[in-house]
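The values are calculated or read from the model by the stated rules, or taken from the named source; none is laboratory data. Model, not experiment: these values are computed from the prediction. Here Cβ is always computed from backbone atoms with ideal geometry, including for glycine, and neighbour counts include all displayed protein chains.
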């Protein structure tokens, strides 16, 4: 288990970054032969990305809540994310092609994603009595004091 940080901290990251949310929903649980390959594809991709940090994934966390699975990902840039998604040498493209061939829009398994391009300093967060989490795992943790004590200071409003 990660060490609890027993104080208020906030996370910062240099430059712009991307928050990418991706998930699947098991719509027909009895058709395990349809959703199992989808469910096992993402862990393979995350292992591949962890072994190659130059691909741009900064941090990922998977959350299970049957029938849904969500992966929260922090990427260095949209260009990194897009390059990985389209690479013929990476795990994503074959998995995407297999999904479209075996499931497509038949309703057995739902998939989705949301992509947010975050500008430098245009975000806010705070953690108290938590281990490093979320952006705190992708970036650097700082004391939530001084200019960082209030949300307005953390979001960078004082800098404009």
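Quick check on the range 90-98. Is at least one of its residues at pLDDT 95 or above and over 30 Å from residue 30 (Cβ atoms)?
Yes; the residues of the range 90-98 include at least one that is at pLDDT 95 or above and over 30 Å from residue 30 (Cβ atoms).
Quick one: which of 46, 141 is modelled with pLDDT of 95 or more, farther than 27 Å from residue 153 by Cα and not in a loop (DSSP other than H, G, I, E, B)?
On inspection, the qualifying residue turns out to be 46.
Which of the residues belonging to the range 99-121 are part of a loop (DSSP other than H, G, I, E, B) and loosely packed, with under 12 Cβ neighbours inside 10 Å?
Result: 104, 105, 106, 107, 119.
Can you tell me how many residues in the range 103-143 are in contact with a strand residue (DSSP E or B) (Cβ under 9 Å, 6 or more places away or on another chain) and within 30 Å of residue 32 (Cα to Cα)?
Within the range 103-143, residues that are in contact with a strand residue (DSSP E or B) (Cβ under 9 Å, 6 or more places away or on another chain) and within 30 Å of residue 32 (Cα to Cα) number 9.
Cβ-Cβ distance below 6 Å, separation of 6 or more or different chains: which pairs start in the range 135-154 with a residue that is without any contact (Cβ under 8 Å) to a residue 24 or more places away in the chain and end on one that is crowded, with 16+ Cβ neighbours inside 10 Å and outside any strand (DSSP E or B)?
Listed by first residue and then by second, the contacts come to 147/153.
Taking residue 153 and the conditions (1) under 25 Å from residue 69 (Cβ atoms); (2) touching a helix residue (DSSP H, G or I) at 6+ places or on another chain (Cβ under 6 Å), which numbered condition does it fall short on, given that it satisfies the others?
All conditions pass for residue 153, except number (1).
For the range 49-89, enumerate the residues that are part of a helix (DSSP H, G or I), more than 20 Å from residue 17 (Cβ to Cβ) and in contact with a strand residue (DSSP E or B) (Cβ under 8 Å, 6 or more places away or on another chain).
Of everything in the range 49-89, nothing turns out to be part of a helix (DSSP H, G or I), more than 20 Å from residue 17 (Cβ to Cβ) and in contact with a strand residue (DSSP E or B) (Cβ under 8 Å, 6 or more places away or on another chain).
Name the residue, out of 127, 84, that is buried (at least 17 other Cβ atoms within 10 Å of the Cβ), at pLDDT 95 or above and closer than 12 Å to residue 9 by Cα.
On the way: 84 fails: closer than 12 Å to residue 9 by Cα.
It is 127.
Tell me the residue from 96, 30, 35 that is surrounded by fewer than 18 Cβ atoms within 10 Å (Cβ to Cβ), outside any loop (DSSP other than H, G, I, E, B) and outside the structural domain of residue 142 (by TED's automatic domain parsing), please.
The unique qualifying residue is 96.
Which condition number does residue 66 fail, the rest of (1) within 19 Å of the chain's Cα centre (by Cα); (2) over 22 Å from residue 124 (Cα atoms); (3) surrounded by 14 or more Cβ atoms within 10 Å (Cβ to Cβ) being met?
Unmet for residue 66, out of (1) within 19 Å of the chain's Cα centre (by Cα); (2) over 22 Å from residue 124 (Cα atoms); (3) surrounded by 14 or more Cβ atoms within 10 Å (Cβ to Cβ): (3).
Answer yes or no: is there a residue in the range 111-125 that is touching a helix residue (DSSP H, G or I) at 6+ places or on another chain (Cβ under 8 Å) and farther than 30 Å from residue 154 by Cα.
So far as the range 111-125 goes, yes, one or more of its residues are touching a helix residue (DSSP H, G or I) at 6+ places or on another chain (Cβ under 8 Å) and farther than 30 Å from residue 154 by Cα.
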